[in-house]
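Report on the structure given below.
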Amino acid sequence: MAIEVGHSKTSAALGVYRFGAAVALFIGVVSSVYLWQDRQDTLAREQARGELLTRILFNHVSRTLESTTTLITAVNQWSDADFRDQAKLQTAIEKSSFIRSLSMLSESGQVLASSEEGVVHHVVKWASMGLERDVGNDLAAGRWQPARNLFDLNNGHAGLQDIAVLPLALRTQRPNGQVVRWLVLINPKDLIDGFAESVDADCDAVYVFDYAGRILASSSKRWFPNDQVFGNMPAVQSVSRNQEFGRYLQTQTDAKQDVEKLEVHFRTSANLPVTVAVAISRSSVEAQWWLSSKGVLALSVMMLIATYLLTKHIAAIWVRREQDSFAMARALNAAETANQAKSSFLAQMSHEIRTPINSMVGMTELALGTPLNPEQKGYLEMSRTASKSLLRLIDDILDFTRLGANRLTLDRTAFDLHTACQQAMKGFAFQAEQKKIDLYLVIDPEVPQWVMGDPLRLGQVLQNLLGNALKFSDTGWVKLHVQFLSELNAQVRCSFEVTDTGIGIPVEKMHVIFSPFSQADASVNRKFGGSGLGLSIAKNLVNLMKGEISVQAREEGGSVFTFTAQFEPLTHADIEHQDTRLQGHGFDALSHSVDVVLIESNPFAREILKTLLASQQITPQEIVTPASLQTCLEAWLQQGLSRQTLWVIDHSMLAFIEPAFMLAQDAQKWRQLSWLVLSDFGLNHDVQNLSAVARTLGVKVANLYKPITAQELNRTLIQLTQRDELSDQLTSTQKPKAQHAGHVLVVEDTPMNQQLAQWTLQKLGCTVDIAENGEVALQKIRTSAYDLILMDLQMPGMDGLTATYEIRRIEITEALRMTPIVAMTAHVLDEDRVLAQKAGMQDFLIKPVSASEFQRVLKRFL
C-alpha cells in the first residue's frame, strides 16, 4: 500500500512538473520570439538610418572636396600676373563659404601667392600640417589645426579653442611647366555641418578621418576628439584593403574610461583622401528598446512567476535531484577521461623524451671510459650530470600529480651529501661562466659527509633554487651554504641556504611564489621564461623530507632561499652495502713537510678556501695580488729549499706568470713545486700553455673546478704530495671492471640506442646481435642460442610484449631452455612493469641504462 501511495505521489509530481514546464516554455518561447523580432527590427531600422546618414555625409564631403579641386584647377590656369594681386585670389574663394585660405607654394614650402596678406615668401613646414606624405597628383588632407588661417599657423599663433582649419594640398603643374602645390585651408566643421544634429551628441558621433585613422572633423569630443589617431579602427584596416564602405561593431573608451558599444558605418572612394563615418551607440539603442519593451517583459515575468509558484516544490526537488545525478555522472566521466588521457600522455611523453636521453647519457659514459685529459673528463662529467638532472626533472613532471595526491615517496639510499651539493652546483658552472657569476659552496665541518636519504630529490630542490638564482642574476655571485642543525632520535637535520645577488622578490609576492603556476611578476615570465612549477615541486619535496622552505630579501639586493631537510645517519650495515671506501689517506700525515700557499684575489673565495684548508689542519701563506705573487715566486727560487711547496691558486692569478720567466730558471728547482689550479669552467688558452710548460719543467699540476669540497681537496692534495710508491700502491688496489662472457640479443628499433647497447655490452665482454623488432627477434632465436635477451617494449611491427609471449610459447611447445628476457624501455609507469612481468620478462631496465645497470643484469643472468 505504501508503495502504491509513493508511486502515485511521484506520478502526480511528474505531471505537475511537466505541465508547469510546458506552460513556462510556451510563455518563454512566445515572449522571446516577440522580443527577439522586435529587437531585430529596431536594430535594422537604426542600421538603415546609419547607412543613409553615412551616404548623405559622404556625398556632402565628396562635393566639398571636388569643388575645392575644381577651384584649384581653375586658378592654376591663371597667368603669373594674376597672382600679383592678392585681392583676385580672395575673390576666387569668396564663392566657397568653407574655404578660408588659398595659397600657391613651391615644393620646398615657400609661399608664392596667397589670398592672405603678409604670408607671401613665408616658408611652410609640410610635416607640421601632416602633409609630408607624398600622394602624387591627388588631393591630400593634412592634420586638424587649432588656428584661423595660414598666418596663424606659420607664426605659431595656434591654440584656439573653437576655431580650427583643415589643410588640403594638391600638386599641379603650371602652364609654364613649374610644379607647385596648392594649399587650401577649410573649416572642418563645414564637412559635418548639419549632420551632427541627426545623432545623439553624448552617445553618437559623426566624424571624418584620414588613411592613418587621424580624426579631421568630429561632432564628438568624447569618443573621437579632433586630431587624435585611432589606427586600430577596423575602418582603417578595411580602407587599406580598398574596401570603400562597410559596417562593424566597436567598443570605444573615452578619457574617463567609460565604455560605449558603437555601430560604425563608414564610406570612402578611391579618389577621396578622407573617409566619413557615423557611429551610433548600440547601447543607447538597446536601452531605448528595453524601455519600450518593458510592458511585454513585465507581463511575461508575471506569468512565469505564477507558473513557478504552482510548481516550485515538486519541480525544485526534481530538478535538484536530476542536476545532482547528471553532475555526478559528468564529473565521474570527465575525471575518468582526464585520468586516462593524462596517463596516456605522460607515458608517451616519457617514452619519447627518454629515448634520446638514453643515447645522450650512454654515449657520455662510453666517452668517459676512453683515455681523457682532466679537462675533457670534467666536461663530460658535467654533461652526464646535466643529462641525468634533465631526466630527473622529466620524472618530476610525471610525479607532479602524485605530489598533489600525497602518493610520492622518497628513496632511502646512502649518499655523499657533500658531493651531492657540489655536483648540484657544478651542473651550473658553464652557465655561471657565461654570465660571469661566481659560484660559492660553503659546507660547515659539522655537516656529515655520508647520510641516508634521497639524493635525487635533494638534488632536484638544489638545482631548482640554484637555477633560479642564476637565471635572475646578471652579475655578482650565488652561494650555497650547508649547515648542521641537530641530530636527535637517529635523525640528522641540516639547513641549505641559497643566496644570490639577483633582481630579488617583492615582499608582497613572497607568499605566492611557492604556489603552482605562479611567479612574482608576469613580466618575469616573458623575460626569463618558466612554467612556475619549480618552487611548488621544491616545496612539496622539502615537506616530504620533513623540512620547511622560506625566502627573504637581502638588504644589498637579491634573495635568500632557505630550506631544511632531515636524513638518517649512516650505519655500518649501510656502509658495507654501499661497497665504497669511505676513508682514505689523510693529508695531515704529509702536511708537516709541505709548504702550502693560497693565491686568491677574491676575498670571498679566499675565506672559503681557508676554511677548507683549515679542515685539513693547514694554515697557508696568503697571496692576494699579482705583484706579491711575483715577489713570492722570486723569493722561493732564491731560497733553494728542498721542502715541497704546494700552491692552491686561482687560474686568473696564474695567468700573471710568464712562461719565459719559468723557462729562464733552473729546471731542478721546479720539481719541488706543485700547483692546484682552481677554475670556474675550464682553463683559458694562456693558462693551458703555462700548465704545459710547467709540467715539462717538473711541476705537478692538477685542476679542480669550483666549487670544491673538503674531500675533493684532500684527495687532490694527496695526489700532488704523496710518494710515488704510495701512488703505485693505490693504483694497484683499484679493482678491474668485471667482464662477462655471453651471447646477448638486443631487440631495439632506434639505431642510436642499438649502437649504444652494442658498444656498452661489447666493452663488458659480451657478443651482441641486434634485432630491430619482435619479428626479427623470433627469426634470430630459431637460428642462434642466446644467453640473454634485452627487449624494448614499444617497436614498429611486433612490439616487445607480443614478442615475449611468442618466445615463451615457443620454448614451452618445443621444450627449449628458457632464455632470460629483460625489458629495456623508456616506459616508467608501474602498469608497464606489471605487463612486462605477465608477458614473462624477468627484470626491468629503464632508459637511460647506465653501464652499472648493464653489469647488474649480466651478473644476475650470466
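Within the set Ala92, Ala113, the sole residue that is free of Cβ contacts under 8 Å to residues at least 24 places away in the same chain and over 55 Å from the mean Cα position of the chain (by Cα) turns out to be Ala92. Checking the structure you have, find out if any residue of segment 76-96 is open to solvent by less than 50 Å² (accessible area, probe 1.4 Å) and under 22 Å from Ala277 (Cα atoms). No, every residue in segment 76-96 fails to be open to solvent by less than 50 Å² (accessible area, probe 1.4 Å) and under 22 Å from Ala277 (Cα atoms).
The selection criterion, being closer than 20 Å to Val180 by Cβ and either touching a residue at least 24 places away in the same chain (Cβ under 8 Å) or surrounded by 16 or more Cβ atoms within 10 Å (Cβ to Cβ) (or both), holds for Leu65. Just checking, does segment 141-153 include any residue being polar (S, T, N, Q), touching a Lys or Arg at 6+ places or on another chain (Cβ under 8 Å) and open to solvent by 20 Å² or more (accessible area, probe 1.4 Å)? Checked segment 141-153: at least one residue is polar (S, T, N, Q), touching a Lys or Arg at 6+ places or on another chain (Cβ under 8 Å) and open to solvent by 20 Å² or more (accessible area, probe 1.4 Å). Taking segment 240-271 as the range and being of a type in the set (D, E, K, R) and open to solvent by 50 Å² or more (accessible area, probe 1.4 Å) as the test, the residues that pass are Arg241, Glu244, Arg247, Lys256, Asp258, Lys261.
Taking (1) at pLDDT 80 or above; (2) touching a Ser or Thr at 6+ places or on another chain (Cβ under 7 Å) in turn, Ala420 satisfies each apart from (2).
The numbered conditions (1) closer than 24 Å to Gln37 by Cα; (2) in contact (Cβ under 8 Å) with a residue 24 or more places away in the chain; (3) open to solvent by less than 70 Å² (accessible area, probe 1.4 Å) are all true for Val274 except (1). Of everything listed in (1) part of a loop (DSSP other than H, G, I, E, B); (2) touching a helix residue (DSSP H, G or I) at 6+ places or on another chain (Cβ under 8 Å), the single unmet condition for Glu286 is (1).
Does segment 327-346 contain at least one residue that is modelled with pLDDT under 70, assigned to a helix (DSSP H, G or I), in contact with a Ser or Thr (Cβ under 9 Å, 6 or more places away or on another chain) and crowded, with 17+ Cβ neighbours inside 10 Å? Yes, segment 327-346 contains a residue that is modelled with pLDDT under 70, assigned to a helix (DSSP H, G or I), in contact with a Ser or Thr (Cβ under 9 Å, 6 or more places away or on another chain) and crowded, with 17+ Cβ neighbours inside 10 Å. The single condition among (1) in contact with an Asp or Glu (Cβ under 9 Å, 6 or more places away or on another chain); (2) among the charged types (D, E, K, R); (3) crowded, with 18+ Cβ neighbours inside 10 Å that Lys471 does not satisfy is (1).
With respect to the conditions (1) at pLDDT 85 or above; (2) assigned to a loop (DSSP other than H, G, I, E, B); (3) not acidic (Asp, Glu), Ala113 falls short on a single one, namely (2). A single member of Ala201, Ala212, Ala217 is in a loop (DSSP other than H, G, I, E, B) and over 44 Å from the mean Cα position of the chain (by Cα), and it is Ala201.
Please work out if Arg715 is at pLDDT 80 or above, farther than 30 Å from Ile789 by Cβ and not hydrophobic (A, V, I, L, M, F, W, C).
In short, yes.
A single entry from Ser62, Ser96, Ser67 fulfils the requirement of being among the hydroxyl-bearing types (Ser, Thr, Tyr), outside any strand (DSSP E or B), modelled with pLDDT under 85 and at negative phi: Ser96. Within segment 140-175, the set of residues being polar (S, T, N, Q) and at pLDDT 85 or above comprises Thr172, Gln173. Every condition in (1) open to solvent by 10 Å² or more (accessible area, probe 1.4 Å); (2) more than 28 Å from Ser114 (Cβ to Cβ) holds for Ser220 except the one numbered (1).
One residue stands out among those in segment 193-216 that are buried (at least 23 other Cβ atoms within 10 Å of the Cβ) and in contact with a Phe, Trp or Tyr (Cβ under 8 Å, 6 or more places away or on another chain): the one that is nearest to Glu263 (Cα to Cα), which is Ala205. Restricted to segment 416-452, and to residues there that are open to solvent by less than 10 Å² (accessible area, probe 1.4 Å) and of a type in the set (Gly, Ala, Ser), the residue that is nearest to Val482 (Cα to Cα) is Ala424. Taking segment 601-642 as the range and being part of a helix (DSSP H, G or I), in contact (Cβ under 8 Å) with a residue 24 or more places away in the chain and over 20 Å from Trp670 (Cα atoms) as the test, the residues that pass are Phe604, Ala605, Ile608, Leu609, Thr611, Leu612, Leu613. Quick check on segment 582-591. Is at least one of its residues modelled with pLDDT of 80 or more, under 25 Å from Ile708 (Cβ atoms) and open to solvent by 70 Å² or more (accessible area, probe 1.4 Å)? No, that holds for no residue. For the condition modelled with pLDDT of 85 or more, open to solvent by 60 Å² or more (accessible area, probe 1.4 Å) and over 30 Å from Trp647 (Cβ atoms), Gln758 does not qualify. Any residue at all in segment 558-581 that is over 33 Å from the mean Cα position of the chain (by Cα), surrounded by fewer than 17 Cβ atoms within 10 Å (Cβ to Cβ), modelled with pLDDT of 75 or more and part of a loop (DSSP other than H, G, I, E, B)? No, segment 558-581 contains no residue that is over 33 Å from the mean Cα position of the chain (by Cα), surrounded by fewer than 17 Cβ atoms within 10 Å (Cβ to Cβ), modelled with pLDDT of 75 or more and part of a loop (DSSP other than H, G, I, E, B). Of all residues in segment 175-193, those that are acidic (Asp, Glu) have Cβ atoms under 7 Å from Cβ atoms of residues that are in a helix (DSSP H, G or I), 6 or more apart or on another chain, in Asp190/Thr64. Residues in segment 74-118 that are among the hydrophobic types (A, V, I, L, M, F, W, C) and more than 24 Å from Leu191 (Cβ to Cβ): Trp78, Ala81, Phe83, Ala87, Val111, Leu112, Ala113.
Looking at Glu132, Glu107, just one residue is open to solvent by 50 Å² or more (accessible area, probe 1.4 Å), in a loop (DSSP other than H, G, I, E, B) and modelled with pLDDT of 85 or more, and that residue is Glu107. Pairs linking a residue in segment 154-172 that is farther than 17 Å from Asp190 by Cβ and of a type in the set (D, E, K, R) to a residue that is at pLDDT 75 or above and part of a strand (DSSP E or B), with Cβ atoms under 9 Å and 6 or more positions apart or on different chains, are Arg171/Ala140; Arg171/Val179; Arg171/Val180; Arg171/Arg181; Arg171/Trp182.
Which of the residues that make up segment 239-264 are in contact with an Asp or Glu (Cβ under 9 Å, 6 or more places away or on another chain) and either under 17 Å from Val206 (Cβ atoms) or touching a residue at least 24 places away in the same chain (Cβ under 8 Å) (or both)? If the condition is that a residue be in contact with an Asp or Glu (Cβ under 9 Å, 6 or more places away or on another chain) and either under 17 Å from Val206 (Cβ atoms) or touching a residue at least 24 places away in the same chain (Cβ under 8 Å) (or both), then Phe245, Arg247, Tyr248, Leu249, Gln250, Gln252, Asp254, Glu260, Leu262, Glu263 are the ones that fit.
The values are calculated or read from the model by the stated rules, or taken from the named source; none is laboratory data. Only a predicted model underlies this, so the values are computations on that prediction, with no experimental measurement involved. Note: ideal-geometry Cβ built from the backbone for every residue, glycine included; neighbour counts use all protein chains shown. These accessible areas exclude ligands, DNA and RNA; they are computed on the full protein's heavy atoms, side chains included. Shrake-Rupley method; radii C 1.70, N 1.55, O 1.52, S 1.80 Å.
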